[in-house]
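Step one of this worksheet: look at the structure below.
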Amino acid sequence: MRIGAILSPVADWQPILAAARRADEAGLDAVGFWDHYHSGRPDWAYACGWSAYGAVAASTSRVRLVPMVLNNLHYEPGVLAKESSILSIASGGRFELAIGAGDWPESFAAWGREFPSRDERLDRLVETAKALRLVWSGEEVSYDGRYVKLSGAICTPPPPRPPRIVIGVGPSRRTLARALDVADEVNVYDDRALIADALAAARDAPRPVDVSVFVSWEWDKWPADPAAEVRRLADTGVSRAYVSLGGEDMTDRVDALADAAQSVAAP
């Protein structure tokens, strides 16, 4: 099982950059951030966004860049196409488009945005993923979805190869069912029954789909025995775990997570 470190929710940039570099050096598989431009309170500050990924890409050499996860409703398809393509180029193909249908209705209300129904959010997510796979070719693309409509759309330069698409499923089996048609990986919350259902669904999917899990260890949620928790996650059969580990000692947490990952990988 591969392990990614989610460097959220932390506001100070220098500790974030130090943790990302340490993750790169220590052999972790990925780094990423939460994706909310809204903060629930003034003191709930944290860094995220395309500029953050560009800075991390420029400061690392091997670790993959995987948001956890981008909110599809925050971005026009053209913005996603351009930003994902350039970030893929700048990182040498290390970027993966991890994206979800969107949640947290209060954050939309705060910025005067409508929050669509669940069915519309899922339709928009699936259509966006299908359209991006076409656009990443660098060719002229037309696509006629219900919500995503392209007519001769071109986004160049294209990425060196199409980014993997990771769909954030969270706790939703409805989202899981829709994601299997467009995802290279589905990411679920740490629930044993949900993980088992996702693994079974992925085995029956018409295309290869990996299953990963998101766990929340930020600040005071850090476990007493990280290695034991990593072993438990590995025993579920998922291919990757993303650990949210934001805190004042984030670099130390990255080291502990890397040590835990190595203990699981050791024969």
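The values are calculated or read from the model by the stated rules, or taken from the named source; none is laboratory data. Here the structure is a predicted model, which means the values were calculated and not measured. Cβ placement follows ideal geometry from the backbone for every residue including glycine, while neighbour counts extend to all protein chains displayed. All accessible areas refer to the heavy atoms of the entire protein, side chains included, with ligands and DNA or RNA removed. Shrake-Rupley method; radii C 1.70, N 1.55, O 1.52, S 1.80 Å.
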_Selected residue (only one of 224, 193, 183, 198 is without any contact (Cβ under 8 Å) to a residue 24 or more places away in the chain and either outside any helix (DSSP H, G or I) or surrounded by 19 or more Cβ atoms within 10 Å (Cβ to Cβ) (or both))_ = 224
*Test result for residue 61, at pLDDT 95 or above, closer than 26 Å to residue 161 by Cβ, assigned to a loop (DSSP other than H, G, I, E, B) and not basic (Lys, Arg)*: yes
*Which one of the conditions (1) within 17 Å of the chain's Cα centre (by Cα); (2) surrounded by 17 or more Cβ atoms within 10 Å (Cβ to Cβ) does residue 150 fail to meet, given that it meets all the rest?*
(1)
*asked:* Can you find a residue that is surrounded by fewer than 18 Cβ atoms within 10 Å (Cβ to Cβ), part of a loop (DSSP other than H, G, I, E, B), at negative phi and not hydroxyl-bearing (Ser, Thr, Tyr) anywhere in the range 119-134?
replied: no
*Which of the residues that make up the range 242-254 are open to solvent by less than 40 Å² (accessible area, probe 1.4 Å), in a helix (DSSP H, G or I) and under 16 Å from residue 63 (Cα atoms)?*
254
*Please name all residue pairs, on different chains or six or more residues apart, with Cβ atoms under 8 Å, provided the first residue is in the range 1-25 and is closer than 26 Å to residue 239 by Cα and the second residue is in a helix (DSSP H, G or I) and among the acidic types (Asp, Glu).*
22/255
*List the number of the failed condition for residue 48; all other conditions in (1) touching a residue at least 24 places away in the same chain (Cβ under 8 Å); (2) in a loop (DSSP other than H, G, I, E, B); (3) open to solvent by 50 Å² or more (accessible area, probe 1.4 Å) hold.*
(3)
*asked:* Quick check on this structure: which one of 158, 163, 171 is open to solvent by 40 Å² or more (accessible area, probe 1.4 Å) and in contact (Cβ under 8 Å) with a residue 40 or more places away in the chain?
replied: 158
*asked:* Looking only at residues that are within 11 Å of residue 7 (Cα to Cα) and more than 17 Å from the chain's Cα centre (by Cα) in the range 17-44, which one is surrounded by the fewest Cβ atoms within 10 Å (Cβ to Cβ)?
replied: 18
